[in-house]
Each structure stands twice: as structure tokens, then as C-alpha cells.
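Since every read-out is calculated from the coordinates, none of them should be taken as a lab result. What you are looking at is a predicted structure, and each value in this text was computed from that prediction instead of being measured. Don't worry about glycine lacking a Cβ; one is built from the backbone with ideal geometry, like all the others, and counts go over all protein chains shown.
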Amino acid sequence: MNLYNRYNLTPVINARGTFTPLGVSRSSTITAEAAAAALQSFFIITELQQRASEAISAWCGAPAGAVTHCVASAITLSISAVRTGLDPERIATAPNLPQVPNKVVLPAGHAVNYGHEIIQDIHLAGAEAVLAGNENGCESRDLESALDDPQVICLLLVSSRLTRGHGPDFNQAVKLAHARGLPVIIDGAAQDMRVEDLLACGADCVLVSAHKYLASPTAGLIIGKRDMVTATLAQEKGIGRAMKASKEAIIGVLAAIDERLELDIGLWRCEQDHKLKTLADRVGVIAGLTAQTLVDPVGMPFARLAIDVDANGYGRDAGELASALRDGTPPIYLMEDRLEEGRLVLELVPLTIGEIDCIGDRLEELADGY
Ligand SMILES: *Cc1c(COP(=O)(O)O)cnc(C)c1O
């Protein structure tokens, strides 16, 4: 079925990465078919979550896992879980628990905005954020002084290309929190290919978006210690009702994890390199444009393509080129956070060679004197 025709929608080329306003990712046919079949079936949902936990353990070695609606909800629910434990009364009353401590320590540079402020996820759990350090960085001593407060309930760390400043070292941060009996939650939403690395620092749980590079239907994963996972899932009898995973999402996650287990990562990396080279070669012969590959700053195993725009040579500056690409048919979206440096950044992971050729064609057509 052509959804674009049927519902009068605009086809887009998404070189902007796992971007929520563009639909995040593309599921494989196997995952899409599994999710579609789930929609026509009934299940014992606790059994689905049990299978998801087993699949997550088999995938990354963690003791347990569960599926939530997304990572934004997993942040709220895991913090609420620290406040309620498995106490049914607390779960039913959250987030209104005036007697329960509520401060969450977050390095200042980890207070990211991924479409909204992460701090709002903390507030939804009835908690408040205590920022450690400043925008330039967070040292161990900054964390220690923030953690030394009886109202603190946990430490939240973010592993993302969006964080600012240096530090803290994750191993050290986990030690400081655990020395005070405080659990550690890591938001690694776009870091599903590095879950094992993130768990290795000893955190109590790592939160991952299953709809980003794992490409399942919309879902978040909480991965880690069993108590933490169980108490997070138990929030579905409370505030988690509004953030539950659907049956089609859990089945989609199971299918996507199966595919990840079978993925030949060497071959996958070759495919990504080939896409980058295809576009870089085309850019290389256009006057005023220079292409360069950028490794992922946090360590995901693929690169992005930076295109530096010389306005004199090309006839438009980077900002003008980005808007012209967006205004064309089909619209082409790319990362725009470095336009001021004259740089466009493209993520090619979900794109076909046909779409990459289309980007190359448009870069040529938009050049001065084409
Ligand atoms: C994408 C993202 C989220 C939100 O993930 P969802 O699963 O879409 O809710 C949270 N934190 C970071 C750092 C992200 O990149």
C-alpha cells in the first residue's frame, strides 16, 4: 500500500538520523510483519514481557530487561521505581509521595534537550533535578557534593552526542553513587550498539530506544538489575499506565533483537562505508563542497558525512543549501546543528543507495551555474 498517496502525505529523505519528527527509523520487513501479526492477536502481556526480558538478556548479558513505551517514559518510570519500590500503595499514589525523598543528581552537561528537556522526565516522576558541575564539565568532587544529601534518590547519566562539557567518568560516577547506596540510571537512548559497554560501568540500568538503530516499532528498553526492571514495570499499575508498551511493540522488539543477534556487524559496517563513499565521491566533484567522514563522538560503530560549504564556490552558504534541500521535492532533511561553521552533517544509516543518489543529484542541481 502506498501510504503517501492514500493519505496525501509527503515522502521525505531522512539524512538527519533517528529524528522523532521524521519517524525515527525504518523497520525491516521481518520486524514490520511481526508487529502487524501481533495487532491481530491476543497475548498474555506478562508473558510477552517475560520473553522480552529473556531476549534482552541473551542479547547483552544483563540479568533482566523490559519494554516501555519509549525512553522518555523509561526515564520517568525508572525514577518513579526508585521512589516506590514494589510497594503497591506507593505505586498507586505516585508521583504524589511527599514523604519520599525526590532529588535526582544529573551532571549539568547531561541536562540535554532531545526534542524536550530531559529534566521534564524527572519532574513527571515527582522528582527534581540537582545539577552537578557546570556546562564545562563535571568532576568527581562536583558529583560528591551533589550526592551528599539525604534527599537524593539516584544518579542519572546520559550517554549521547548531545551532552556538553567533559566528564564525569562513568565508572567513577557509579562508584561514588553506589558508595552512598544510590542506584545509577544511564540514558543511552541512541546507544543500543554499545549497551554492553554502558552496563560494564556497573550502572543499575541502561535505557535504550528500541525504535532508533534497533528499528523496532516505538519502544524503550530498560536493561539491567532485576529489582530495578521489576519495579519499573510495576509502575504500569500507577503512572506507567500512560506509558505502557503495546503488544505490537513488544513483538516488534523481539523480532528486532532476533535480527540484531544475527547481524554480521563487519558486513554492516562495510555497507555503511560504501554509502558514505558513494556520496562523498559525488560531493568531491562539486565546486565549493568538500566531504569528510566524522566518527560518532560517543562510539557507535558508524560515521556520518560532513559537507563543508564554501559559499563563494558553491553559490549558496550552508544555511541556504540546507533550506533549499528541505524545500525541494522530495524534501531532504539533514543535521543542522553546525550550519554556523558552514557544515552540513548527514547520517546515511537508514538510506538506500537510490536515496543517496537523489541527494547527490540535488547537491549538483542546486550548485551555482548548474
Ligand atoms: C532519543 C533520545 C531520548 C528519547 O528517546 P525516546 O525513546 O524517543 O523517548 C532520550 N534521551 C536521549 C539522549 C535521546 O537521544
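Structure note, pairs Lys212/Lys277; Lys212/Lys247; Lys175/Lys212; Lys247/Lys277; Lys175/Lys237: Cα-Cα distances above 28 angstrom occur for Lys175/Lys212; Lys247/Lys277; Lys175/Lys237. Structure remark: mean-square fluctuation, Gaussian network model of the chain, C-alpha springs under 10 Å; the largest value among Ala55, Ala179, Ala291 belongs to Ala179. What residue among Ile286, Ile13, Ile56 has the largest mean-square fluctuation in a Gaussian network model of the chain, using Cα springs under 10 Å? Checking each option, the largest mean-square fluctuation is seen for Ile286. Computed extension gain for Ile353 through Asp264, at 0.36 nm per residue and net of the alpha carbon distance, reaches 30.1 nm. Each residue of segment 281-293 was assigned a 3J(HN,Hα) from its phi angle through the Karplus curve 6.51 cos²θ - 1.76 cosθ + 1.60 (θ = phi - 60°); the sequence is 5, 5, 5, x, 9, 9, 4, x, 10, 10, 10, 7, 8 Hz, with glycine and proline shown as x.
Hey, with R₀ at 45 Å, roughly what FRET efficiency would Arg51 and Glu144 work out to, going by the Cβ-Cβ distance, to 0.05? Before the final figure, lay out the partial values.
Numbers: r = 41 Å, r/R0 = 0.91.
FRET efficiency, Arg51 to Glu144: 0.65.
Roughly how many Å is it from the Cα centre of segment 52-92 to that of segment 294-370, as a whole number? So the separation of the two Cα centres works out to 38 Å. How far apart, in nm, are the 7 Å Cα→Cβ label points at Glu117 and Ala36? Simple spin-label model gives 4.3 nm for this pair. The phi torsions of segment 316-325, fed into the Karplus equation with coefficients 6.51, -1.76 and 1.60 and a -60° offset, translate into couplings of 8, 8, 4, x, 5, 5, 4, 5, 5, 5 Hz, rounded to whole numbers, with Gly and Pro shown as x. Compute the Cα gyration tensor for segment 249-370, then decide on rounded, prolate or oblate, letting a ≥ b ≥ c be the square roots of its eigenvalues: rounded whenever a/c is under 1.5, prolate when a/b is larger than b/c in the other cases, and oblate in all that remain. The shape class here is prolate.
Summary value for the chain: 21 percent relative contact order, contacts being C-alpha pairs under 8 angstrom separated by 6+ residues. The residue among Ile223, Asn5, Leu276 whose Cα reaches farthest toward the positive pole of the charge dipole of the chain, with charges on the beta-carbon of Lys, Arg, Asp and Glu, is Ile223.
Under a 10 Å cutoff between Cα atoms, tell me which one of Pro330, Pro21, Pro95 has the largest fluctuation in the Gaussian network model of the chain. Highest fluctuation of the listed residues: Pro21.
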